[in-house]
Structures are given as C-alpha cells and as structure tokens.
Amino acid sequence: MPHQAEIIAVGTELLLGNIANTNAQFLSQLLASAGVNVLYHTAVGDNPQRLRQAVEIARGRCDLLVFTGGLGPTYDDMTKETVAGVFGLALEYHPEVMEEIQQYFDRVFHRPMPACNRQQAMLPQGCTVLHNPVGTAPGCMFTAGGVTAVLLPGVPHECRYLTEHAVLPWLRGQSGGVIRSRDLHVFGLTEPQVQELLGDLMDSAQNPSLAPYAKPGEVMLRLTAKGGSDDDCQERMAPLFRDVRSRLGNYLYGVDVSSLEEVVLTRLRQQGLTLSTAESCTGGLIAKRLTDVAGASAAFLGGVVSYTNGVKAGVLGVPRDLLDRYGAVSAPVARAMAEGVRRLTGSDLSVSVTGLAGPDGDDRGNPVGTVYLGLSLPGETLVRRLALGGDRPRIRLLAASSALDIIRRHLCDLPIEQE
C-alpha cells in the first residue's frame, strides 16, 4: 500500500509571507514520482508548542511525515528536539556528523566553526543520518509507532539534494518494485481543455496513472507506472502514452524536457540554425529564457528590446510611416521588427513580439492582451495575432511562450496559424 504523506514546513518566515514555500512544491512532485500519496501540506512557525500540535495531528492521519526547516544552529531551530520529543526519542551526539560540519566550514567558509553549530550534530536516537555534503545541516529519518519521520533542511538546494539522493532511493526500495514516470509538456491548451480531451483516460487509468499539473502558462501531465522492472514500466506506459499523444497532437511540445526554450534550442542546434529576437512588450523575456539554458550561444545570437518607437525605427529599421499609419501594436510593425533584427544580426530566423500587456489599451482601439508575433525566415515572414487574457505578468509570459512555440512549430514543420 502506498505511503500516505504529510509535508510539514517549519519557519515563521513562511507564515509572514517573507519567502514562498517552494520546498513543499518540489517535495510533492518528487514524492508523487515515487508513488507516495501526499495528502496534506502544513506550515507552522518557529514555536515548539504549535509544532508539537502539528506533529500529533499529522501522525494520526499519515504514516510518512516529511519536515523541512528548523535544523539550523540558532535558538529558533527546534524541529529535531520537538519532533523527537513527540515520538519519545532523545537526541544523541554524532561525532562523525560533527566532523563533517567542521570540514564544511574549512572547505567552504574558510573560517572556524562557531560553537552553536555543534547542536546540528545532535540527532534523534536510533535515526538514520542523511549526510549533507552541500550544507551544514544533516537530515535524518526514523520510524516509531508505525510512522516514519523524515527531517530535511529548509534551504531549498539542500532539501532537494537530500530528497533526491537519500529519501527517494529509500522510498523506491520500500515499494517492492520499480516506479517510473514520464512528464508530458503541453502549450496552447488550458487545463480545462486538457481535461476535456483526456478526462476519460485520467479517470480510468490506474497503473499507469495519468495526472495533470497546471504550470505558469502551460500544462504538464505525469504518466506514472509501477512494475517489476524498468522495461515493465515502460511497457505499461506505452499504450496510454500513444493515446495521449494522439489526442494532444501538436500541442504536446516535449516529453521529459525542462522547458519550451530547451526544445527550441535543441531543434535549432540539430538543424544548424541561428535565432535572434526583437521584443517590445515582453521586455527581453524571450532572450532571458533562452539564455537561461546552458549552451544557448550555439544557436541564439542576440536580441533587441525595442520598447519605444524610436528604437524600433532607429535600431531595427522599422519605417516611420508604418509606425504612424498602423501603430506599434500591429501586424506590419511585427513583421518589420522581425525582418529588422534578422538583418541586423545575420541570424537564420528571428522572432518579434509587440503588444499591450496592460494596464491600458492603446489609442487605436486595441485592448489589453493584443499581441502580434512575427517570424522571419529566408524568403518569407509570418505574422500571428493573439488575444491574451490575464494581468500584465501573465500576458508577458504567454506572449513569450507563444513566440517560442511559433519557432518550435516552424522547426518541427507543424502548421502555424497566421494573421
């Protein structure tokens, strides 16, 4: 039977809204990939009494409790002591952990270790130590009364490291089989539209299972199977994967990829092509997303943020009469921007975006969310008009993603809707 889990994030800063609880997000994703049912998320401040109450409630309804935060060396880091106390365990000193912490200070901080860090080597009696080579706070796990508690540091990269390198291998060993997942990335459809297309498959799928995850500007589907081996899992997933791929069609942009920009850059490199960008309302967001991917310089030459008409005309060479006659947010200007940046950089293809992200429309009657994309290719330039909804950040995000998607569609020889 799968574990029933609760994630408990400890830290007053979470309740004050000073930081986002990103640990709970990726822990849920990683635990789900291991076949764990995450039933609850709890956030509690640095208060022993309230944390104790949260632990008592959690162990009464779940058999796997995953804690993040409160493992540091300061006075308000009391997760270990409080959680161990609820389960009737004392803390004991681990000299090997103390040595690791001292070595980390020597290697990373190049200064003596403060005396307060000694308490990080105090761990619940009989626990399994989760050694932490990327920080000073070791994690740990123990089982008592039929409930397993996993204590992880709150620093996100440390929490992720220990989850991936210690917790997930343990969970997979407990499962008595192999669990494999595939992540299917969809752009151009909303979550309700995906639900309409795939609802019957989601409802009927057991092993493998199919679950949607809404992400900013797109939808991700996770296909998960449990079997006796990796080949068994892949064989179980294959029929459902083929059905999903057939129904989603060209909206499925990648499988087990990190992003739309990664797909675009991979295609560009495979085809030996280069790209440039001309951006107005997105303010460089397309270029930023492309250059977030390591090795982008092999295909992305550069871009121009032409936020004003003066830069559109003076740098990109957009004719003044086009700007005066049609306005900046128009198909002719999007076309001229794309052609101008391709000419300027010498790239094989280029994309442009000009639009209204809000809060106001323009004096030509274009409402907020009106966006034009241009894709300049050797011999032709395509233009597409979008009517996007949402606030300013969402419109900018969708405009940038749409620009990347029109490039993807061209590189994959898929149809492109034009103005």
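The values are calculated or read from the model by the stated rules, or taken from the named source; none is laboratory data. Remember, it's a predicted structure, so these values are computed and weren't measured experimentally. All Cβ positions, glycine included, derive from the backbone under ideal geometry; neighbour counts span all protein chains shown. Heavy atoms of the whole protein, side chains included, go into the accessibility calculation; ligands, DNA and RNA do not. Shrake-Rupley method; radii C 1.70, N 1.55, O 1.52, S 1.80 Å.
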- Item | Residue selected from the range 102-161 under the condition of a type in the set (F, W, Y) and open to solvent by 50 Å² or more (accessible area, probe 1.4 Å), by the criterion nearest to Q174 (Cα to Cα) | Y161
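Residue-wise test of (1) in contact with a helix residue (DSSP H, G or I) (Cβ under 6 Å, 6 or more places away or on another chain); (2) of a type in the set (K, R); (3) closer than 16 Å to E6 by Cα.
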{"position": "A34", "(1), (2), (3)": "yes, no, yes"}
{"position": "H41", "(1), (2), (3)": "yes, no, yes"}
{"position": "Q49", "(1), (2), (3)": "no, no, no"}
{"position": "I57", "(1), (2), (3)": "no, no, yes"}
{"position": "D76", "(1), (2), (3)": "no, no, no"}
{"position": "L89", "(1), (2), (3)": "no, no, no"}
{"position": "H94", "(1), (2), (3)": "yes, no, no"}
- Task: Could you please find all residues in the range 60-82 being more than 30 Å from the chain's Cα centre (by Cα), closer than 15 Å to M122 by Cβ and at pLDDT 95 or above?
- Result: E81, T82
- Message: Whether any residue in the range 359-376 is out of contact with any Lys or Arg (no Cβ under 8 Å at 6 or more places or on another chain), charged (D, E, K, R) and within 26 Å of D413 (Cα to Cα) is what I want to check.
- Response: no
- Item | Selection count where residues are in contact with a helix residue (DSSP H, G or I) (Cβ under 8 Å, 6 or more places away or on another chain), part of a helix (DSSP H, G or I) and polar (S, T, N, Q), scope the range 181-225 | 1
- Message: Return the residues of the range 7-32 that are open to solvent by 20 Å² or more (accessible area, probe 1.4 Å) and under 18 Å from the mean Cα position of the chain (by Cα); say none if nothing qualifies.
- Response: I19, A20, N21, T22, Q25, S28, Q29, L30, A32
- Task: State the number of residues belonging to the range 162-174 that are open to solvent by less than 30 Å² (accessible area, probe 1.4 Å) and in contact (Cβ under 8 Å) with a residue 60 or more places away in the chain.
- Result: 4
- Note on the structure: Subset of the range 239-286, residues part of a helix (DSSP H, G or I), aliphatic (A, V, I, L, M) and open to solvent by 30 Å² or more (accessible area, probe 1.4 Å), comes to L285
- Looking only at the range 287-303, decide whether some residue is modelled with pLDDT of 95 or more, open to solvent by 20 Å² or more (accessible area, probe 1.4 Å), part of a strand (DSSP E or B) and within 21 Å of P393 (Cβ to Cβ). yes
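Here's the yes/no breakdown for (1) open to solvent by less than 10 Å² (accessible area, probe 1.4 Å); (2) not small (G, A, S):
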position: R335; (1), (2): no, yes
position: V341; (1), (2): yes, yes
position: G346; (1), (2): no, no
position: S350; (1), (2): yes, no
position: V353; (1), (2): yes, yes
position: G365; (1), (2): no, no
position: G369; (1), (2): yes, no
position: L373; (1), (2): yes, yes
position: S376; (1), (2): yes, no
